[in-house]
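The structure appears right after this line, and notes come after that.
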Amino acid sequence: MNEEPVSSPAPTLLFDLDGTLIDSVYQHVLAWREALNEFGLDLAIWRIHRRIGMSGGLFVSALSRETGRPLSDEQVRELTEAHVRAYSRLRESVRPLPGARELLTALTDQGVTWAIATSGLAASARSALALLGLPEDTPMVTRDQVRYAKPDPDLFLTAAARVGVDVRHAVVVGDSVWDLLAARRAGALGVGLLSGGYGREELERAGAYRVYADPADLLAHLDEIGVRRSGS
């Protein structure tokens with residue numbers, strides 16, 4: 001008696017937001033530089049960029065170590081709020097990354113479960129939903145909904161739980177080493193995108209088993225991460 005072949009389900013995809021779905025990394029870099037300047041902290045843009053993807057608190061702590069100027073908890077909070085204000089003035093220039101809308105639409109049409117997990121606060125991250133043409137009830141986990149942000153795994157663990165899957169059966173898609181380190185700690189596979197400014201080798205060293213240019217490139221190679229198009 002011939003048995004029917006078992007069809008394995010497609011993996012759940014957990015997406016970072018900034019630099020992964022929307023082209024906002026450099027707006028965040030400029031916003032952090034403006035906020036840091038308000039506090040008399042002068043850092044080169046490249047140093048700021050290397051920390052994008054971490055939570056605001058960890059970001060500030062890391063940069064304060066580099067400047068040798070310790071900051072109190074209150075100063076960290078004020079600096080983070082200054083960044084939010086500066087970013088809000090730059091938000092109009094943010095656009096979806098090439099293929100981002102099409103990628104999410106294709107996944108939804110194929111019945112693939114996905115969610116967004118971002119180190120950004122809900123106040124700024126939620127505005128990206130309209131930019132991507134997504135409904136308000138899109139599963140999204142933000143920094144203010146978890147105890148720790150990347151490189152801790154909390155965001156991805158919470159996102160997986162929210163859509164009802166085991167994170168070990170998920171693929172994390174991110175543009176920074178912090179995304180991929182968090183994915184490894186969560187027990188998920190990691191896919192890197194070059195659209196946030198990190199190099200291929202950096203992303204691979206952090207745990208990416210595949211690296212693509214941007215969401216459009218990932219869409220063209222979904223079969224490489226276990227997402228098969230209908231009928232294939």
Quick P(r) readout (region 26-93; Cα-Cα; 5 Å bins; whole %) gives 3, 19, 33, 29, 12, 3, 1
Would you mind telling me the antiparallel percentage of the DSSP bridges in the chain, rounded to 5? 10 percent
With r defined as the distance between the Cβ atoms of residue 163 and residue 62 and R0 fixed at 25 Å, what FRET efficiency is calculated, to the nearest 0.05? 0.20
Taking only Cα atoms of region 109-232, what ratio of Rg to Rh do you get with Rh as the Kirkwood inverse-distance radius? 0.94
How would you rank 142, 118, going from fewest to most other Cβ atoms within 10 Å of each one's own Cβ? 142, 118
Using just the helices of the chain, give the 222 nm mean residue ellipticity in deg cm²/dmol: DSSP H runs with n ≥ 4 each add -39,500 (n - 2.57), and the total is spread over all residues, rounded to 500. -12000 deg cm²/dmol
Phi to ³J(HN,Hα) by Karplus 6.51 cos²θ - 1.76 cosθ + 1.60 over region 66-74, Hz, x for Gly, Pro: 5, 7, x, 10, x, 10, 6, 4, 5
Residue farthest toward the positive end of the dipole of the chain, with Cβ of Lys/Arg at +1 and Asp/Glu at -1: which of 21, 128, 48? 48
Longest DSSP-loop-exposure-free segment, GluC sites (Glu not before Pro), the chain, at most 13 other Cβ within 10 Å: 4-135
Using the number of other C-beta atoms within 10 angstrom as an exposure proxy, rank 52, 116, 45, 225 with the fewest first. 45, 225, 52, 116
Got a sec? How would 93, 72, 127 order by Cβ neighbour count within 10 Å, fewest to most? 72, 93, 127
D (Stokes-Einstein, µm²/s), Kirkwood Cα radius, the chain, 1.002 mPa s at 20 °C: 119 µm²/s
Magnitude of the Cβ-charge dipole of the chain, K/R +1 and D/E -1, about the Cα centre, nearest 20 debye? 420 debye
Percent antiparallel among DSSP beta bridges (both partners in region 148-213, rounded to 5): 0 percent
Quick one: longest stretch of the chain between exposed loop trypsin sites (Lys or Arg not before Pro), exposed meaning at most 16 other C-beta atoms within 10 Å and loop per DSSP? 1-125
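None of the figures in this text is laboratory data; all of them are computed from the coordinates on show. The structure displayed is predicted, hence computed values, not measured ones. For neighbour counting, all protein chains shown are included, and Cβ atoms are generated from backbone atoms with ideal geometry for every residue, glycine included.
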